[in-house]
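So the structure is just underneath, and the comments pick up after that.
The values are calculated or read from the model by the stated rules, or taken from the named source; none is laboratory data. As the structure is a prediction and not an experimental result, all values here were calculated from the model. Backbone-built Cβ (ideal geometry, glycine too); neighbour counts: all protein chains shown.
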Amino acid sequence: MVNLPLPKLEDYSISTKTGFLPDVPPLAALQDPYYTPWETTISNLQPLLLSRKIRQVIEGLPVLSIDKLITEAEWRRAYLILSFLSHSYIWGGDVASEVLPATISIPYLAVSKKLDVPPVATYAALCLWNYRPIFPDDSIDCLDNLATLNTFTGALDESWFYLVSVAIESRGATILPVMLDAIQGARENDLDLVVSSLQFFAERLGELTHLLGRMYENCDPHIFYSRIRPYLAGSKNMAEAGLPQGVKYLIGSDDVPFRQYSGGSNAQSSLIQAFDILLGVEHRPTGEKKPSTPGPEVLPSQHSHKVHNFILEMRDYMPGPHRRFLEHLERVSNIQDYVKENCSYGALTVAYDACLHMLRGFRDKHIQIVSRYIVLPAKEQRGAVTERMGTAKHKPSMAPSGINLQLSYRTQPKGLARAPGDRSDLRGTGGTALIPFLKQARDETGEPSIGVWARRLLTDSRISLPGREAESVRIQGLAGQWLDSEDVGGICHW
């Protein structure tokens, strides 16, 4: 049997040093004066949002051609600008806008097609192509050497939220060539190479978990939840936030279909999905349990219900070359099979199980962050609404007829991150029950473990977080309000 050639990172716009980040820092600005209207608008984004003039300014922009964009870096910069402007237009008014004007829709669609990414603020726009090193000669895997190019709010909290992911991408980049060597080593039955590669992988995963834990240093949960999170919203499952059908990208007339896209999510990180592929971790649709006994393969058409794997869907939001790399990697990944075939070699099974343990630990840390940054603020906001409404019942109303008392105390536009008083399951950006989704992804990480003790430890789902993470709340805003029947979603999860 002839083995499929291993993927070459450079063939998929991936660097051996920076991974899925550009091998040189992204452009801070488009230098051609022709694109000055775009650069001027994004450089004034915060005052335009505060003054509620962003829509007026965007509507007055000229429809610029993309023909003057030459390099890949210029295309990426244009995509970043148009992503920020489009989300600012949609969410920057008193109510969400169901249309994007042709002034940005036309170039946005063209740039997105060129880069093979959807026209929405993806992880690539917000993180991969949105950083600069403070000291160019120093490493970009150090948070102290990173700054963002653009943000919606101008807040340090927003920059930090993006930059933690940038640092993780940079620090994790060297895992890719090491593990490709391990795949080749498994083909050649080089036990020592595979073991040393897995040991490096496990140690580096520990460093990534530490970086993720630094989120608390400069990103306040309440600022993230109420000020930053709303602008990251997509147009999918957003009916209660004012986008029942999605958004129309105007290209000269109103006769265009509505489009629906998920919002920005760290599930769109190619690096984290590559880790799963390398270790043989498989994720099922949320709520679907692993069969207790092996049986015949069930084809998608044989399912009695709609099966939707959110993690796989998120590949559609990755840059095309990165998505194709993951597809190639899936076809050559052999580490799990190699470990099973050589399970009597203790050092190998320990190293492999250590990788699973560290990856599960990474996901555990992420669940803690989601609980702190989304679940608890949502609960607190719901409690504030309930208290205010309870007080209102005992006082004469001074509000005009028709005012929604749930919104009367707020200054945010309707549709942005609010928590009504009734209850439903907390949902993520695209619609999945958030904590159950994350817990299942974490537990699935331990399923391939080889050692009996390690398997029992890594698949124990009884681990609970501090606080009452399961407290049910209903969220509207970032991804609107979601129904239990939806099988997609999640905000910033791995």
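Residues in region 6-26 include none that are exposed (fewer than 14 other Cβ atoms within 10 Å of the Cβ), within 22 Å of PHE152 (Cβ to Cβ) and at pLDDT 95 or above.
Checking each residue in region 30-57 for being polar (S, T, N, Q) and either in contact with a Pro (Cβ under 9 Å, 6 or more places away or on another chain) or assigned to a helix (DSSP H, G or I) (or both) picks out THR36, THR40, THR41, SER43, GLN46, GLN56. Within region 183-209, residues that are touching a residue at least 60 places away in the same chain (Cβ under 8 Å) and within 19 Å of LEU4 (Cβ to Cβ) reach partners that are in a helix (DSSP H, G or I) and among the aromatic types (Phe, Trp, Tyr) with beta carbons closer than 9 Å, at six or more positions or on different chains, in the pairs ILE183/TYR338; ALA186/TYR338; ARG187/TYR338; VAL194/TYR338; VAL194/TYR352. Only one of the numbered conditions (1) surrounded by fewer than 23 Cβ atoms within 10 Å (Cβ to Cβ); (2) more than 27 Å from GLY19 (Cα to Cα) is violated by SER88, and that is (1).
Taken as a whole, the structure places ILE134 among residues that are among the β-branched types (Val, Ile, Thr), without any contact (Cβ under 8 Å) to a residue 40 or more places away in the chain and surrounded by fewer than 23 Cβ atoms within 10 Å (Cβ to Cβ). Restricting attention to region 72-102, the residues being out of contact with any helix residue (DSSP H, G or I) (no Cβ under 6 Å at 6 or more places or on another chain), aliphatic (A, V, I, L, M) and outside any loop (DSSP other than H, G, I, E, B) number 4.
Screening LEU115 against (1) in contact with a Phe, Trp or Tyr (Cβ under 7 Å, 6 or more places away or on another chain); (2) surrounded by fewer than 23 Cβ atoms within 10 Å (Cβ to Cβ); (3) over 21 Å from SER270 (Cα atoms) leaves a single unmet condition, (3). The residues on offer are SER262, SER253, and the sole one that is exposed (fewer than 15 other Cβ atoms within 10 Å of the Cβ), modelled with pLDDT under 95 and hydroxyl-bearing (Ser, Thr, Tyr) is SER253. Applying the condition of being hydrophobic (A, V, I, L, M, F, W, C) and not in a helix (DSSP H, G or I) to region 313-350 and asking which residue is nearest to LEU271 (Cα to Cα) yields MET318. The test for being within 22 Å of the chain's Cα centre (by Cα), basic (Lys, Arg) and crowded, with 18+ Cβ neighbours inside 10 Å holds for ARG229.
Across region 12-58, what is the total count of residues that are in contact with a Phe, Trp or Tyr (Cβ under 8 Å, 6 or more places away or on another chain) and of a type in the set (D, E, K, R)? The qualifying residues number 1.
Can you tell which of LEU61, LEU69 is in contact with a Ser or Thr (Cβ under 7 Å, 6 or more places away or on another chain) and outside any helix (DSSP H, G or I)? Within the list LEU61, LEU69, the selection yields LEU61. Looking across region 186-205, just one residue is surrounded by fewer than 15 Cβ atoms within 10 Å (Cβ to Cβ) and under 31 Å from the mean Cα position of the chain (by Cα), and that is GLU203.
Restricted to region 290-347, and to residues there that are over 29 Å from the mean Cα position of the chain (by Cα), β-branched (Val, Ile, Thr) and at pLDDT below 95, the residue that is surrounded by the most Cβ atoms within 10 Å (Cβ to Cβ) is VAL298.
When region 348-359 is limited to residues that are within 25 Å of the chain's Cα centre (by Cα) and closer than 26 Å to LEU9 by Cα, the one that is surrounded by the most Cβ atoms within 10 Å (Cβ to Cβ) turns out to be CYS355. When region 6-29 is limited to residues that are part of a loop (DSSP other than H, G, I, E, B) and without any contact (Cβ under 8 Å) to a residue 24 or more places away in the chain, the one that is nearest to the chain's Cα centre (by Cα) turns out to be ASP23.
Filtered by the rule that a residue be within 19 Å of the chain's Cα centre (by Cα) and assigned to a loop (DSSP other than H, G, I, E, B), region 232-261 gives ALA233, GLY234, SER235, LYS236, ASN237, GLN260, TYR261.
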